[in-house]
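Comments concern the structure below.
What follows draws every value from the coordinates through simple rules; no lab data is involved. Just so it is clear, the model here is predicted, and its values are computed rather than measured.
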């Protein structure tokens, strides 16, 4: 197998994996991170492996390492999103309480004016 054929095969597999991963609907941040890491790792591994004469093995190893690293980064980011969501929900509740209190004060002031 020639280097050019191997690189094309790796590129084809990567493109197919990207399209297959996108067809399942909404992905979590962890899944997105894992996918991006796997594709990036496979691409880097394929390039490094091609210089050593083994692009397929390089892509496989790089993809596996990238998958793990991407999943860890995605998991961290997903945790950050969850914390931000909870903080936003608390702020919304506080704002709603303030709005309700202000509306009650407005109603009381209207009743005393007339």
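Where is the GNM fluctuation largest for the chain (alpha-carbon springs, 10 angstrom cutoff): 73, 39, 15? Result for the chain, Cα springs under 10 Å: 15 fluctuates most. Taking the longest Cα principal axis of the chain as reference, the axis of helix 29-52 is set at about 20 degrees. Using the alpha-carbon atoms, what tilt in degrees (0 to 90, nearest 10) does helix 55-113 show relative to the longest principal axis of the chain? Tilt relative to the chain: about 10 degrees. If you run the Gaussian network model on the chain, springs between alpha carbon atoms under 10 Å, then out of 48, 36, 99 the most flexible one is 99.
State the extension gain, in nm to one decimal, for the chain segment bounded by residue 77 and residue 16, taking 0.36 nm per residue of separation less the distance between their alpha-carbons. Write down the numbers at each step before the final one.
Working: separation 61, 0.36 × 61 = 21.96 nm, distance 2.59 nm.
So the chain would gain 19.4 nm between residue 77 and residue 16.
Comparing 29, 51, 97 in a Gaussian network model of the chain (Cα springs below 10 Å), the most mobile by mean-square fluctuation is 97. What is the angle, in °, between the Cα long axis of helix 3-22 and the longest principal axis of the Cα atoms in the chain? Nearest 10 is fine, range 0 to 90. Roughly 20 degrees between the two axes.
Sequence gap at least 6, Cα distance under 8 Å: using those rules, report the relative contact order of the chain to the nearest whole percent. The normalised contact order for the chain reaches 25 percent.
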